[in-house]
Amino acid sequence: MILYGKNGRGDETMMKNNVKKIIKNLQWILNHRLVQGNKLRTIFRYFWFHLTIKKDGIFTYKILNQKLTIRKGHGSQTNYYTYFEDYNEMMFSLHYLNESERFLDVGANVGVYSILVASQKRSEVIAIEPMKKNYDLLVRNIKINNLSEKVIPINIGLGDCDGDLKFKYNGALSGYSNDGGIGEVVKVKKMERIIDFAHLIKVDVEGFEIKVLNGGEKVLNDQRTNALIIEMVSFEEGEKIKNDVLKILTNKKFSPYKYHPIDRSLENLALDNISLPNTLFIRDINLARKKVKAAPKINVFGTDF
């Protein structure tokens with residue numbers, strides 16, 4: 001028999017919703033390619049992390065041979081359970097880039113992509129992160145991994161014009177605020193004011209993708225810019241944003257692909273079948289296929305890819 005106090009039914013509903021969320025998260029995590037042989041370890045890590053680390057708490061873990069410091073609830077923690085949260089896209093980055101090339105990390109958060117690319121491939125990395133709390137951890141991760149000569153962190157946002165914009169914290173979905181509420185005022189610049197090209201660009205900006213791409217017209221037109229990873233979250237306006245991203249990039253001769261790290265193949269995606277949250281866009285597919293096939297193997301937690 002269950003007795004309810006003043007807020008009993010509300011508390012029960014909240015508890016059920018939390019349980020459903022945990023189950024959904026665990027289902028996704030346990031289906032992840034990199035945890036198939038380590039499911040018990042993964043479950044232990046998941047519950048240990050959530051029971052031990054408080055909300056907004058600072059936590060450091062290893063990813064490959066690097067250290068990554070995160071803030072709970074603000075992104076990059078899933079790598080602790082799955083090893084590489086964005087398995088396909090992270091492996092593409094590590095197979096595609098080399099030491100003489102440049103990687104632009106837009107919406108770097110605490111720098112997981114930046115740290116991996118700089119440490120494993122020794123590529124030049126420019127990491128853009130507007131939110132001060134995330135940026136401070138990004139700088140810390142660069143320093144603790146001795147990557148200051150490889151990674152240039154910049155505490156700004158990217159958009160379609162120079163100016164100031166208000167950003168707000170919303171956990172891992174922190175980003176541009178247009179509701180007039182409390183936020184953090186951030187300097188915003190056009191991408192083409194920062195760089196003229198990048199061999200690979202990762203964009204993770206929570207609904208601000210169109211403005212970022214429009215501010216990088218010259219960068220996208222440069223033929224040395226051959227690949228992008230666009231991370232879009234599925235939300236109310238996600239479909240329109242996805243279609244607008246497709247229009248911009250297909251007009252510049254980029255096509256959507258999915259990367260399969262095991263056989264290093266690139267699967268062309270139909271324009272009406274773009275998956276969220278991550279899509280890879282490539283202009284010269286022959287060049288991309290040649291590069292990933294020629295890349296040396298990378299050992300990820302005991303498995304060579």
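The values are calculated or read from the model by the stated rules, or taken from the named source; none is laboratory data. All figures in this text were calculated on a predicted structure; none of them were measured in a lab. For neighbour counting, all protein chains shown are included, and Cβ atoms are generated from backbone atoms with ideal geometry for every residue, glycine included. Areas reflect the complete protein model, heavy atoms only, side chains present, ligands, DNA and RNA absent. Shrake-Rupley method; radii C 1.70, N 1.55, O 1.52, S 1.80 Å.
Structure values in brief
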{"quantity": "Inter-residue pairs, beta-carbon under 8 Å, first at positive phi and in segment 257-274, second open to solvent by less than 30 Å² (accessible area, probe 1.4 Å) and assigned to a loop (DSSP other than H, G, I, E, B), 6+ apart", "calculated": "Arg264/Ala295"}
{"quantity": "Strands (runs of 3 or more DSSP E) lying entirely in segment 70-179 (those with 3 or more residues that are under 30 Å from His32 (Cα atoms), out of contact with any strand residue (DSSP E or B) (no Cβ under 9 Å at 6 or more places or on another chain) and open to solvent by less than 10 Å² (accessible area, probe 1.4 Å))", "calculated": "none"}
{"quantity": "Candidate set from segment 21-46 (those that are among the polar types (S, T, N, Q) and assigned to a loop (DSSP other than H, G, I, E, B)); member that is least open to solvent (accessible area, probe 1.4 Å)", "calculated": "Asn38"}
{"quantity": "Qualifying residues in segment 246-277 (those that are over 20 Å from the mean Cα position of the chain (by Cα) and at pLDDT below 90) - the one most open to solvent (accessible area, probe 1.4 Å)", "calculated": "Asp272"}
{"quantity": "Filter result for Phe49 (in a helix (DSSP H, G or I) and touching a residue at least 24 places away in the same chain (Cβ under 8 Å))", "calculated": "yes"}
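Condition check ((1) at pLDDT 95 or above; (2) open to solvent by less than 50 Å² (accessible area, probe 1.4 Å); (3) within 24 Å of Glu129 (Cα to Cα); (4) of a type in the set (Lys, Arg)) across all residues:
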site	(1), (2), (3), (4)
Glu12	no, no, no, no
Val19	no, no, no, no
Trp48	yes, no, no, no
Phe59	yes, yes, yes, no
